[in-house]
Amino acid sequence: MIVTHPLRLPAEVVAAYGLKLLTTFQLHHLGVSFSASGDAYVLSSVRERDIRADTTASGYLVARYRPDGTPVAAVTAGLRKSSGLYDEELHSRIPDWLSDVCVLPGGAVAVSSEAGRTYLLDPDLTRLDGAWPGEADDLRDAAAHHARSFAAVIRATPSGRLLCLVPEYAARGYGRMEPNLFGTADGALTPRDRPRVRVFACLNGSPQHQGASHVVPYAEYKGAPAGHGNRPDPDLRALTSGRWADVPRWTFTPWLGSPVVAADDLFVIPIFDPGVRRSSPYVFALVDNTGVIRGRLEGLGQDDRSPYPGKHYAVAADPARGRIFHINRSGLHVWSTDGQPLVTLSADDKVYKPLTRFHLAGCSPAGELVLLHESHHLLLRIGLPGDLDRLGPTVQTALAEHTRRRNQLKKELAPSNWIWTAPVDTVIV
């Protein structure tokens, strides 16, 4: 099955924000997560600056789409309207900078910030069921923050376990919460209870700031609360730079891409250099749930083969079929779960060149490869064949169908600057 559908900006959101869809209007899609039935939940940020009126509207949108692209419902969160520099009016119970979305095994939808503030929405996107909001004002009080927060990133494994990326204060030497500790958790995350996270890896094993001398009460390592010197050693910086000759010793503390579940006990952890140049080092590390690096995604390289040109940082995995995917300016790459290349559809072939205009959004439970066209705000779902020898013709057909469908949608719906607006049941939380 091949489906192309717009990512809609609900008319209710336009009205609530007082949006005029000016040339300063910005809509960015931050993440996609899938329910067991294949529904896509898309987290997007919305911002518009009206220079003449000296007003700004900003916030976040979580929208739900059926596998056929039908919009079902949406929630706005973190809604802010400000005038001038200081007068800000809040219209949301989620006053936060969101960065991650995950459909939990029970169907609830978790949205999180990098500081680990986690908010739980019901599957139908009709209400905010609860929150682990941390400390809103002073993150330097790490103990108070961790007493009420959870994770910066959450991913569900095939068995229903949670992969969690937990932040720590000053993990990269700066005065803020930074995602640092990787762990797995059994049990459900609810408005009343958070599962205990068993830490198996960390990016930075030695935070430099004295304020990092705290523990994370719901995370444990070697039977004791994680933090305050109780972190995995060596850390991922040392493990990766010491293993591969083309990944030199990190001059600065690297930063993490979004982790991906490749199997119930195997994860892809992308690690990037702060320099973000074509020649900068990076590694897509394969790490198991004990912290052992099992390998990496082999066969890429630098220049257009690296993720930095075009900011192609995402990896997607299909655990049921043992496949891992990455798209960058050099084309579409497919690996087995041991990191060995299976197929490459090179962008040097003009039939695959359009792939470079997409970013990878994920894999659906049905094994579809889901691509995002950021500037056109379109989602493309490609049902992949079981036989990878047929991958090339399948993708070629999908790209041609996408172009046809995009042109049809543009003619029928007449979007303004590729912003697709439509009535969608929307709730402000």
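The values are calculated or read from the model by the stated rules, or taken from the named source; none is laboratory data. Since the model is a prediction, treat every value here as computed from it, not as a measurement. We place every Cβ from the backbone using ideal geometry, glycine too, and count neighbours over all the protein chains shown. Remember, those area values only see protein heavy atoms, side chains included, never the ligands or the DNA or RNA. Shrake-Rupley method; radii C 1.70, N 1.55, O 1.52, S 1.80 Å.
Under a Gaussian network description of the chain, with springs only between Cα atoms under 10 Å, the residue in Ser149, Ser159, Ser58 that fluctuates furthest is Ser159. Close amide H pairs (under 5 Å, H built 1.01 Å from N) link Gly31 with Leu43, residues at least 5 positions away or on another chain.
Look at the dipole of region 210-313 built from charges on Cβ: of Phe272, Pro232, Ala285, the Cα furthest out on the positive end belongs to Phe272.
For the pair Gln408 and Leu22, a Förster radius of 35 Å applied to the C-beta separation gives a FRET efficiency near 0.80, rounded to the nearest 0.05.
Charges were assigned to the Cβ only: +1 to each Lys and Arg, -1 to each Asp and Glu. The resulting dipole of region 278-322 about its Cα centre is roughly 60 debye. Applying the criteria of a DSSP loop state and at most 16 other Cβ atoms within 10 Å to the trypsin sites (Lys or Arg not before Pro) of region 182-254 yields Arg192, Arg196, Lys222, Arg243, Arg249. Convex hull volume of the C-alpha atoms in region 1-77, normalised per residue: 90 Å³. Pairs of Lys residues in the chain are counted when their Cα atoms are under 28 angstrom apart and they lie 8 or more places apart or on different chains; the count is 10.
Here the chain is assigned +1 on the Cβ of each Lys and Arg and -1 on the Cβ of each Asp and Glu. Its dipole about the Cα centre then comes out at about 700 debye. For region 1-154, a crude dipole built from +1 on the beta carbon of Lys and Arg and -1 on the beta carbon of Asp and Glu, taken about the Cα centre, is about 360 debye to the nearest 20. Modelled spin-label separation between Ser83 and Asp54, with each label point placed 7 Å from Cα along the Cα-to-Cβ direction: 1.1 nm. Accessible area ranking (1.4 Å probe, heavy atoms, ligands and nucleic acids excluded), largest first, for Thr344, Thr337: Thr344, Thr337. The phi-based Karplus calculation (6.51 cos²θ - 1.76 cosθ + 1.60; θ = phi - 60°) puts the 3J(HN,Hα) values of region 32-47 at 9, 9, 10, 7, 4, 7, x, 4, 9, 10, 10, 9, 10, 9, 10, 8 Hz, whole numbers, x for Gly and Pro. Could you look at the chain and say what percent of its accessible area is carbon and sulfur, using a 1.4 Å probe and all protein chains? Of the solvent-accessible surface of the chain, carbon and sulfur hold 48 percent.
Per-residue ellipticity at 222 nm from helix content only, as computed over the chain with -39500 (n - 2.57) for each DSSP H run of at least four residues, stands at -3000 deg cm²/dmol. Of the chymotrypsin sites (Phe, Trp or Tyr not before Pro) found in region 66-160, the ones in coil according to DSSP and having at most 14 other Cβ atoms within 10 Å of their Cβ are Tyr86, Trp97.
Take the Cα radius of gyration of the chain and divide it by 2.2 N^0.38 Å, with N its residue count; two decimals is plenty. Cα Rg divided by the expected 2.2 N^0.38 Å: 0.96. Remark: accessible surface ordering of Ile324, Ile2 (largest first) is Ile2, Ile324, probe radius 1.4 Å. Result for the chain in a Gaussian network model with C-alpha springs under 10 Å: among Leu19, Leu79, Leu165, the largest mean-square fluctuation is at Leu19. Taking trypsin sites (Lys or Arg not before Pro) across region 282-373, the ones in a DSSP loop with at most 15 further Cβ atoms lying within 10 angstrom of their Cβ are Lys311, Lys350.
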